[in-house]
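Since the structure comes first, as structure tokens, the remarks are kept for the end.
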Amino acid sequence: MKSRKHSKLKRHPLVRFIRGILRLMRVVFRPKRRNQQAIHNERQQRLATELVQQQELAQQLELEHRERERSITVGALLDRVKWQVPELTIVQEQVSDRRAVTRPHDVSRN
């Protein structure tokens, strides 16, 4: 727009009225300004709650660590197991020993 048309629009009563209403709405509905003390207090409260949460988390982790220490480890559990060879294997070894004794290796057939 040319500056002449623009200035005419600015002076038009209807445009001035609408701009005035918009300006009034901005003033009335703008967010309230908070003072620095309130902002500082909010920060302190937020930091305090975060600190409390961190302490609770640290306590919880410590309890879990203690519970894990009381639990049995895999190595200790395997030490308690009585390892035995199944009986079928033992029987098969005895049978193979008998065959070796009853039938010695014949060298003359070579």
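Using the Cα atoms of the range 36-83, I'd like the radius of gyration and the largest Cα-Cα distance, Dmax, both in angstrom.
21.6, 73
Give me the accessible area of Asp106, 1.4 Å probe, in Å² rounded to the nearest 10.
The accessible area of Asp106 comes to roughly 70 Å².
Mind jotting down the three principal axis lengths of the range 1-55 based on Cα atoms? Whole angstrom, largest first.
67, 22, 16
Using a 1.4 Å probe on the protein heavy atoms only, what accessible surface does Val74 show? Give it in Å² to the nearest 10.
110
Give me the accessible area of Glu67, 1.4 Å probe, in Å² rounded to the nearest 10.
Spelled out: Glu67, probe radius 1.4 Å, area about 110 Å².
For the range 1-69, state which trypsin sites (Lys or Arg not before Pro) are in a DSSP loop and have at most 12 other beta carbons lying within 10 Å of their beta carbon.
Loop-located and lightly packed - Lys2, Lys32, Arg33, Arg34.
Where the centroid of each part is defined by its Cα atoms, how far is the range 52-76 from the range 1-32 in Å?
Spelled out, the Cα-based centre of one part sits 66 Å from the other.
The values are calculated or read from the model by the stated rules, or taken from the named source; none is laboratory data. As the structure is a prediction and not an experimental result, all values here were calculated from the model. As a convention, Cβ positions derive from the backbone with ideal geometry for all residues, glycine included, and neighbour counts pool all protein chains shown. Heads up: the accessible areas ignore ligands, DNA and RNA and are worked out on the full protein's heavy atoms, side chains in. Shrake-Rupley method; radii C 1.70, N 1.55, O 1.52, S 1.80 Å.
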